[in-house]
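The structure appears below as structure tokens.
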Amino acid sequence: MIPSLATAGASARARPWAEAGRRFWANRLAVAGLAVVVLVAVVALFAPVVARHDPLAIDAALSRQGPSRAHWFGTDQLGRDVFSRVVWGARTSLAVGLGTALAATLVGMVVGLVAAWRGGRTDGVLMRLTDVFLAFPYLVAAIAVVTIAGRGTATVVLVLSLFGWMAIARIQRAAALVVRDAGYVQAARAAGVGGARIVLGHVLPNAVAPVLAVAATFVGTAILSESALSFLGVGITEPQPSWGLMISRGSSLLRTAPHVLLFPGGALLLTVMGFVLVGDGLQDALDPRARR
Amino acid sequence: MGGYVLRRVLVAVPVAFAAVSLLFVLFFLLPGDPVRAIVGGGNRPISEGQRAAIEARYRLDEPWLVQYGAYWSRLARGDLGESFQDRSDVTQLVARTAPASLRLAFWAVLGEAVLGVAAGVVAATRRHSWLDALVTVTTTAALAVPVFVLGYLLQYALGVYPYQHGWPEWLQFPVQGIGPDRWALGVVPLGDQWRYLVLPAVVLATTSAAIIARLTRAAVSEALAADHLRTARALGLPPRMVRARALRSALVPVVTFLGVDFAALVGSSVLTETVFNWPGMGSTLADAVGARDVPIVLGMTLVLVVGYLVVSLAVDVAYGLLDPRIRVGRERVA
Amino acid sequence: MSALRGASSVPALAVADLRVEFDQRVVVDGLSFSVEVGETLALVGESGAGKTVTGLALLGLVDGGRVSGSIRVGGREVAGLDEAGWRGVRGSSVAMVFQDPMTSLDPVLTVGRQIADVVRVHERVGRRVAAARAVEALGLVGLPDPRRSARAYPHQLSGGMRQRVAVAMALACGPAVLVADEPTTALDVTIQAQVLDLLRDVQQQTGTALVLITHDLGVVAGWADRVLVVHDGREAESGLVDAVLGAPSHPYTQSLLAAVLA
């Protein structure tokens with residue numbers, strides 16, 4: 001009984017996923033976004049090879065030089081190679097973005113699934129808790145907590161996920177509620193399958209699609225938030241390369257050496273745009289009814 | 001309708017209570033030395049006198065329940081604490097900086113709503129045209145561009161560059177500060193004031209305008225495909241009326257967003273005001289963060305959280321006005 | 001069935017060689033039929049047979065498809081009209097009732113307002129007159145306390161009542177032809193008969209010709225005068241209901257009947 005139910009669920013799922021994949025690949029903007037994301041990931045992964053200089057090497061003689069053959073993106077006020085710092089900054093951004101999205105998505109999914117499955121008081125308490133966290137303007141909350149909790153990559157990830165899981169929780173709950181009442185879940189329940197087993201085997205796989213799209217976009221949001229925190233001086237600390245920090249330091253050179261600001265700014269814009277496009281593409285691919 | 005408003009208020013009050021309490025937990029109960037946190041952490045030297053003053057003010061030597069009670073009684077008196085650096089009163093600081101922030105936010109919200117809805121409607125009614133593609137691409141870029149990068153770009157393109165190249169005066173925009181600070185009716189810029197207002201307002205509005213445009217596009221497309229509009233067409237209603245009805249139902253999610261958006265607006269204003277040196281709450285908060293002046297950060301955050309909840313409540317009420325399904329409940333007439 | 005039937009020599013609706021195609025795909029392939037004043041013609045077939053598209057074509061509402069053939073309403077050719085021309089036809093000469101009354105009414109406007117809007121578009125009357133006409137129309141379709149019902153929003157009405165409102169809205173300007181697309185499929189079985197009886201009653205009062213699109217042979221047997229069986233966009237067979245259902249000649253009709261009887 002149980003194995004047959006499981007296989008029925010699996011084969012029913014296989015086709016929609018294949019079709020969603022086909023729709024995603026047919027969406028030119030989404031594929032372009034994915035290409036940017038892959039490019040940034042490769043650059044971040046192979047940063048030691050891609051960067052042509054030591055991102056931390058200071059050379060006062062080279063201060064604020066424009067782009068050249070030796071320094072593609074020029075140098076900053078301390079004579080550090082901007083290209084190498086942008087390359088290593090990709091590592092920081094991706095680490096924070098992916099770390100935050102992963103943590104927030106996991107928390108959000110657990111809260112959403114438990115709320116939907118248990119219902120009643122548990123649902124009420126969890127949703128009020130979500131409301132309380134939603135009462136905080138995201139960036140302001142992060143700024144406030146980071147100010148007292150201290151700086152650094154780990155703290156930034158922790159704080160950004162602490163105030164970032166609520167949207168995922170709501171979407172996961174809504175999706176799980178629909179699946180909970182579906183025939184195959186009712187059938188499994190009637191057959192006496194345990195709660196945890198149903199949630200993990202039936203509810204989660206069938207309610208994960210909407211979460212995926214939001215999670216992809218959230219990576220971009222987290223990268224933006226990290227850059228904002230670093231820009232305000234409460235995020236990543238010098239000398240670790242971070243695009244937000246580079247932009248903040250470059251802002252005073254806007255009149256004399258705008259390239260110090262423009263290159264990390266451009267990298268940030270492109271990366272976040274990549275994740276937003278992938279998120280949009282997933283949304284359209286996974287929910288074809290929304291786009292007619 | 002009155003019952004509906006009352007229900008919303010009854011939901012909002014415990015949420016506000018819990019949110020303000022959560023701030024207390026984050027600021028006073030997290031592991032570590034709260035005195036050290038209040039003076040900004042790190043290795044700043046703390047004199048015995050300072051430590052005693054801070055402990056007395058926040059009742060740090062007492063059990064947490066007493067600290068929590070003192071926290072609420074300070075708030076009840078309107079005491080948001082005092083700056084660690086110059087002992088200035090945070091409540092007065094808020095009162096002094098709020099008008100500049102509200103003026104900037106007023107124009108940003110107005111601009112983003114008008115522009116966003118217009119772009120969304122154009123895109124939705126001309127699906128898959130080049131205009132639609134333009135809206136899609138520009139909104140994606142606007143969503144991805146960091147507020148402070150956009151701010152510096154505009155400063156460079158409309159302020160620094162025209163100045164360096166001696167463009168006519170009217171093409172050079174001031175890039176720092178609020179200028180003469182002259183307003184009529186609270187929000188209408190007088191004389192040259194608008195030149196100082198326009199760049200920060202545009203920067204502050206960009207992200208939300210993009211989100212509104214995307215929401216409106218989705219909502220209007222869905223509304224245009226709705227069955228009841230096919231009914232309206234099938235009974236000969238002219239396109240003008242059909243479009244108006246589509247817009248009316250599409251406005252519901254957009255108005256809801258404007259409430260949620262207040263949160264994003266507050267975050268963006270911290271960055272925008274910093275970039276443009278606009279003397280509002282946002283730049284004050286950023287300065288306090290830079291100086292690790294925790295009492296100011298806590299006080300400002302409290303004001304912003306409560307302000308956000310009030311705006312959310314107002315939006316919930318507006319939502320009910322727009323959608324009778326929420327306002328009049330489900331009692332059956334027939 | 002109706003005293004008004006055949007009162008005029010010109011049929012209320014005469015369709016000849018109607019074709020609809022989407023991107024080379026022919027959905028309706030040369031249907032011809034006519035409906036007399038006060039008569040009910042049922043279009044029957046499985047889903048996807050082209051019934052709904054036929055209904056939409058009668059109102060010029062086929063979006064993105066190519067429509068050809070002749071559609072005469074009371075002798076007047078309407079096929080080939082431009083959008084502005086069709087607007088004058090819709091609601092005043094030909095009106096339509098859709099399947100799902102949950103979604104076919106605007107959720108944010110009172111039902112009275114929705115009916116009054118239709119009246120004001122087609123007849124040069126003021127707001128007050130239109131509102132009064134809406135109340136009148138609601139009374140005609142049997143809503144209790146029509147004055148109060150006019151101020152209700154759709155979500156405050158039951159499914160059957162909503163469908164009555166949809167009928168009232170369609171009939172508000174006295175169209176010669178009413179197209180009803182599966183008007184009872186979304187309703188409870190007990191309510192279905194009430195709505196179909198209502199359609200027959202108002203038809204007897206107004207003489208409207210009714211095109212009843214359905215997949216339900218029970219509905220055909222109970223409420224239609226003549227039937228046209230559609231299969232793959234073509235006519236399988238047609239005739240008086242008793243004749244067709246009593247002795248189906250086409251294998252498709254036989255299989256449809258067999259499916260009901262099984």
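The values are calculated or read from the model by the stated rules, or taken from the named source; none is laboratory data. None of these values were measured; they are calculated from a predicted model. Methodologically, a virtual Cβ is constructed for each residue, glycine included, from the backbone with ideal geometry; neighbour enumeration extends over all protein chains shown. Side chains are part of the model used for accessible areas, which takes the heavy atoms of the whole protein and leaves out ligands, DNA and RNA. Shrake-Rupley method; radii C 1.70, N 1.55, O 1.52, S 1.80 Å.
Quick notes on this structure:
Table: residues versus (1) within 28 Å of residue B:261 (Cβ to Cβ); (2) within 14 Å of another protein chain (Cβ to nearest Cβ); (3) at pLDDT below 90.
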| site | (1), (2), (3) |
| --- | --- |
| A:112 | yes, no, no |
| A:120 | no, no, yes |
| A:141 | yes, yes, yes |
| A:154 | no, no, yes |
| A:165 | yes, no, no |
| A:184 | no, no, yes |
| A:189 | no, no, yes |
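- Test result for residue A:215, more than 12 Å from chain B (Cβ to nearest Cβ), under 22 Å from residue B:215 (Cα atoms) and modelled with pLDDT of 85 or more: yes
- Selection status of residue B:5, at pLDDT 80 or above and part of a helix (DSSP H, G or I): yes
- Selection from the range B:206-218 of residues that are more than 11 Å from chain A (Cβ to nearest Cβ), open to solvent by 10 Å² or more (accessible area, probe 1.4 Å) and either at positive phi or not β-branched (Val, Ile, Thr) (or both): B:209, B:215
- Failed item, numbered, when residue C:55 is tested on (1) at pLDDT 90 or above; (2) under 29 Å from residue C:257 (Cβ atoms); (3) among the small types (Gly, Ala, Ser); (4) not in a helix (DSSP H, G or I): (4)
- Test result for residue C:152, modelled with pLDDT of 90 or more, open to solvent by less than 50 Å² (accessible area, probe 1.4 Å) and in a loop (DSSP other than H, G, I, E, B): yes
- Tally, over the range C:113-131, of residues that are over 21 Å from the mean Cα position of the chain (by Cα) and open to solvent by less than 60 Å² (accessible area, probe 1.4 Å): 5
- Failed item, numbered, when residue A:193 is tested on (1) open to solvent by 10 Å² or more (accessible area, probe 1.4 Å); (2) in a helix (DSSP H, G or I); (3) hydrophobic (A, V, I, L, M, F, W, C): (2)
- Meets criteria (open to solvent by 20 Å² or more (accessible area, probe 1.4 Å), out of contact with any helix residue (DSSP H, G or I) (no Cβ under 8 Å at 6 or more places or on another chain) and touching a residue at least 60 places away in the same chain (Cβ under 8 Å)) for residue A:151: yes
- Helices (runs of 4 or more DSSP H) completely within the range B:56-158 that count 2 or more residues being of a type in the set (Val, Ile, Thr): B:90-125, B:130-144, B:147-155
- Condition met for residue B:264 (surrounded by fewer than 23 Cβ atoms within 10 Å (Cβ to Cβ) and either among the polar types (S, T, N, Q) or within 26 Å of residue B:196 (Cα to Cα) (or both)): yes
- The numbered conditions (1) in a helix (DSSP H, G or I); (2) open to solvent by less than 50 Å² (accessible area, probe 1.4 Å); (3) within 14 Å of chain B (Cβ to nearest Cβ) are all true for residue A:129 except (2).
- Residue match in the range B:61-81 (condition: under 18 Å from residue B:297 (Cβ atoms) and either modelled with pLDDT under 80 or touching an Asp or Glu at 6+ places or on another chain (Cβ under 6 Å) (or both)): no
- Selection status of residue B:177, open to solvent by 30 Å² or more (accessible area, probe 1.4 Å), farther than 30 Å from residue C:63 by Cα and assigned to a loop (DSSP other than H, G, I, E, B): no
- Any hit, the range C:133-149, residues being more than 11 Å from chain B (Cβ to nearest Cβ), under 15 Å from residue C:101 (Cα atoms) and part of a helix (DSSP H, G or I): no
- Members of the range B:129-174 that are aromatic (Phe, Trp, Tyr) and either in contact (Cβ under 8 Å) with a residue 24 or more places away in the chain or crowded, with 18+ Cβ neighbours inside 10 Å (or both): B:148, B:152, B:156, B:173
- Candidates are the residues of the range B:63-95 that are touching a residue at least 12 places away in the same chain (Cβ under 8 Å) and open to solvent by 80 Å² or more (accessible area, probe 1.4 Å); the one that is farthest from residue B:21 (Cα to Cα) is B:85.
- Answer from A:209, A:190, A:167 - the residue that is among the small types (Gly, Ala, Ser) and touching a residue at least 60 places away in the same chain (Cβ under 8 Å): A:209
- Test: residue in the range A:35-48 that is over 17 Å from residue A:270 (Cβ atoms) and crowded, with 16+ Cβ neighbours inside 10 Å: no
- Among residues of the range C:65-109, those that are within 8 Å of another protein chain (Cβ to nearest Cβ) and part of a loop (DSSP other than H, G, I, E, B), counted: 11
- Residue in the range B:314-327 that is within 14 Å of chain A (Cβ to nearest Cβ) and acidic (Asp, Glu) present: yes
- So residue B:193, is it in contact with a strand residue (DSSP E or B) (Cβ under 8 Å, 6 or more places away or on another chain), without any contact (Cβ under 8 Å) to a residue 24 or more places away in the chain and not β-branched (Val, Ile, Thr): yes
- Taken together, A:275, A:263 contain a single residue that is in contact (Cβ under 8 Å) with a residue 12 or more places away in the chain, under 15 Å from residue A:220 (Cα atoms) and out of contact with any Leu (no Cβ under 9 Å at 6 or more places or on another chain), which is A:275.
- Scanning the range B:273-284 for residues that are under 15 Å from residue B:150 (Cβ atoms), open to solvent by less than 10 Å² (accessible area, probe 1.4 Å) and within 11 Å of another protein chain (Cβ to nearest Cβ) yields a single hit, B:275.
- Some residue of the range C:155-164 being open to solvent by less than 10 Å² (accessible area, probe 1.4 Å), facing chain B (nearest Cβ under 9 Å) and either under 14 Å from residue C:202 (Cβ atoms) or at pLDDT 90 or above (or both): yes
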